[in-house]
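Report on the structure given below.
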Amino acid sequence: MLPFTSMFALERFLSFNLFRCCTQELRLSGFKESNVFCLENVECLQSLNLRNCENVEEIKMEKLHTWVSPGTSYTSPFHTLTSVSFQDCHKLTDVTWLILVPNLSLWKLKSVYWDVLPFPCLKCIFVGICPELKKLPLNSDSAKGNRITIDGNEDWWAEIEWENEATRQTFLPFFRSYS
């Protein structure tokens, strides 16, 4: 698959039903003109790669309806997606849709975001089977006025690389081990 470098080219490609229904991999590189793009009914998408998409702030993934058996429908917006990669997409801050990807393995995930993020409404972080995840986008100010519970394995918790000791001490009382 050749990388798409403009929204016009991507939209034109996806406007053809045959391409949209058969595309297994999308590589989006160097998007500069768009801050939101929608991947609608890309039914066979297995791999999504965004690189140097400096202005992309949001990815909208529309629901897909897959027939499991007659009379039964299974709704999953990402039923075939198994690989997602973001590189140098600094304005893309909300990737919460990733939790809806049933076949995505996060074994190799090393960090959630390259910098500290504010979480004014976040209540809980659950980390399960992400042995390479060593950094959380938190500092001692991230949870100001908010108690963020962190659920994870004790071995994983021991390996977390904190910004500083103050940050570790801030979140230590809110860690809950599930092992």
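Coordinate-derived values only; no laboratory data. Remember, it's a predicted structure, so these values are computed and weren't measured experimentally. Neighbour counts are summed over all protein chains in view; Cβ atoms, including those assigned to glycine, are modelled from backbone coordinates with ideal geometry.
A few comments on the model shown:
- Least to most buried among 175, 86, 126 (fewest other Cβ within 10 Å first): 126, 175, 86
- Residue of 120, 137, 102 that the Gaussian network model of the chain assigns the largest fluctuation, springs spanning Cα pairs under 10 Å: 120
- Neighbour counts of C-beta atoms inside 10 Å place 32, 110 in the sequence 110, 32, starting with the fewest.
- Listed residue pairs exceeding 22 Å between alpha carbons, taken from 32/110; 108/135; 60/91; 123/144; 108/134: 32/110
- Model label points for residue 116 and residue 100, set 7 angstrom from Cα along the Cα-to-Cβ axis, are 3.2 nm apart.
- Fully extending the segment from residue 164 to residue 21, taken as 0.36 nm per residue of separation minus the present Cα-Cα distance, adds 46.7 nm.
- Globularity index of the range 105-179, i.e. its alpha-carbon radius of gyration over 2.2 N^0.38 Å: 1.02
- Percent of C-alpha pairs per 10 Å bin in the chain, short distances first: 8, 31, 30, 21, 8, 1.
- Environment charge at residue 166 (Cβ cut-off 15 Å; Lys +1, Arg +1, Asp -1, Glu -1): -2
- Expressed to the nearest 5 percent, the antiparallel share of DSSP beta bridges inside the chain is 15 percent.
- Note, ³J(HN,Hα) from phi for the range 115-125, Karplus 6.51, -1.76, 1.60, rounded to Hz, x at Gly and Pro: 9, 5, 10, x, 10, x, 10, 5, 10, 8, 10
- Relative contact order (%) - criterion: Cα under 8 Å, at least six apart; region: the chain: 14 percent
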